[in-house]
Protein chains: 2
Amino acid sequence: MDMGASGAKTGGVGMLMRALRSSDREDVLAMLVACGAFNEEEVRAALEILDSFEFTLLGAEVEGKLAGYVCLDRIALTQSTWHVYWLCVHPAMQRRGIGAALIEHGADFARRRGGERLVLETSGRPDYEGARRFYEKAGFQVVGRIADYYRAGDDCIYYCKLIV
Amino acid sequence: MDMGASGAKTGGVGMLMRALRSSDREDVLAMLVACGAFNEEEVRAALEILDSFEFTLLGAEVEGKLAGYVCLDRIALTQSTWHVYWLCVHPAMQRRGIGAALIEHGADFARRRGGERLVLETSGRPDYEGARRFYEKAGFQVVGRIADYYRAGDDCIYYCKLIV
């Protein structure tokens with residue numbers, strides 16, 4: 001797969017986009033824990049995905065250090081729909097456009113392989129309001145909602161973004 | 001896991017509910033092809049799931065012959081949400097309540113393990129209208145829709161059914 005590194009500048013931050021490597025595992029674990037959005041089971045699931053290397057894993061490097069990553073892949077039995085499974089930016093590096101750049105880089109990656117839309121699921125909890133606002137600003141639209149999906153009081157919100 | 005056989009009578013048909021076995025593979029393949037709802041890629045995916053035995057697979061037997069099956073499992077990172085991945089009844093055995101009995105049996109199975117809701121995805125295509133009517137009659141409600149999800153003109157409809 002073509003996951004070659006490419007330079008990007010967003011919000012004044014010099015970013016290098018590249019595929020994740022096994023040696024990123026420690027940095028990924030640190031940012032998953034530090035960002036506070038994921039519970040223990042979710043961190044474990046994110047690491048399992050990382051270790052399996054069955055999905056597309058794209059990282060953003062800033063000043064030689066991994067600042068964030070996105071995990072996505074085409075959904076089986078669909079022709080052009082890609083699922084964004086994880087997006088994480090180290091809290092010390094947030095609000096610099098890194099998340100948006102990762103979404104754009106992931107969208108480019110998918111588009112070059114025939115992708116026409118990205119879908120993702122996130123929580124409807126009040127502490128995810130920042131995440132939902134981020135996705136809406138990045139062009140995602142709410143396409144569904146399931147009450148109490150994750151647990152009581154924790155709804156699932158379905159989002160979709162056209163990338164054609 | 002407790003997937004013991006249990007008797008059930010619906011619409012006058014004597015049904016035996018039991019876990020699927022490896023020896024059911026040929027019957028499952030025959031009904032997936034015969035029912036006409038699944039394309040080649042979907043049939044292959046359904047068989048991969050069957051062969052992996054990673055999911056819960058429950059079958060309905062009528063007069064000693066496998067008449068249909070349902071594949072479901074708890075969704076990772078959720079506390080009580082189960083996904084119905086496949087439901088198939090041999091076309092020669094449809095309209096006898098076997099599909100509804102399989103959904104009920106799957107719901108009982110999930111409920112005994114803490115399940116509180118079933119979710120599933122199906123196509124918005126006109127030839128799936130019968131399937132959608134079936135799910136709605138079985139108590140599923142539409143909770144979302146993504147246009148062109150499977151391919152151009154083939155939307156995904158998200159359904160959810162409370163089982164508490």
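The values are calculated or read from the model by the stated rules, or taken from the named source; none is laboratory data. These figures come from a predicted structure and were not determined experimentally. All Cβ positions, even for glycine, are placed from backbone atoms using ideal geometry, and neighbour counts span all protein chains on display. These area figures cover heavy atoms from the full protein model, side chains too; ligands, DNA and RNA do not enter into them. Shrake-Rupley method; radii C 1.70, N 1.55, O 1.52, S 1.80 Å.
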Which listed residue is part of a helix (DSSP H, G or I) and either in contact with a His (Cβ under 9 Å, 6 or more places away or on another chain) or open to solvent by 40 Å² or more (accessible area, probe 1.4 Å) (or both), from B:60, B:100: B:100
Please go through the stretch B:125-164 and pick out each residue that is closer than 21 Å to residue A:142 by Cβ and more than 12 Å from chain A (Cβ to nearest Cβ). none
Those residues of the stretch A:67-83 which are more than 16 Å from residue B:151 (Cβ to Cβ) and open to solvent by less than 10 Å² (accessible area, probe 1.4 Å), in sequence order: A:67, A:68, A:69, A:70, A:71, A:72
Does residue A:114 fit the bill of being in a loop (DSSP other than H, G, I, E, B) and either within 14 Å of chain B (Cβ to nearest Cβ) or without any contact (Cβ under 8 Å) to a residue 60 or more places away in the chain (or both)? yes
The number of residues in the stretch A:140-164 that are free of Cβ contacts under 8 Å to residues at least 24 places away in the same chain, under 16 Å from residue A:100 (Cα atoms) and surrounded by fewer than 17 Cβ atoms within 10 Å (Cβ to Cβ) is 1
Can you pull out the residues in the stretch A:61-76 that are modelled with pLDDT under 95 and within 14 Å of chain B (Cβ to nearest Cβ)? A:76
Those residues that are without any contact (Cβ under 8 Å) to a residue 40 or more places away in the chain and either surrounded by 17 or more Cβ atoms within 10 Å (Cβ to Cβ) or not in a helix (DSSP H, G or I) (or both), I need them from the stretch B:121-137; list them, please. B:121, B:122, B:123, B:124, B:125, B:132, B:134, B:135
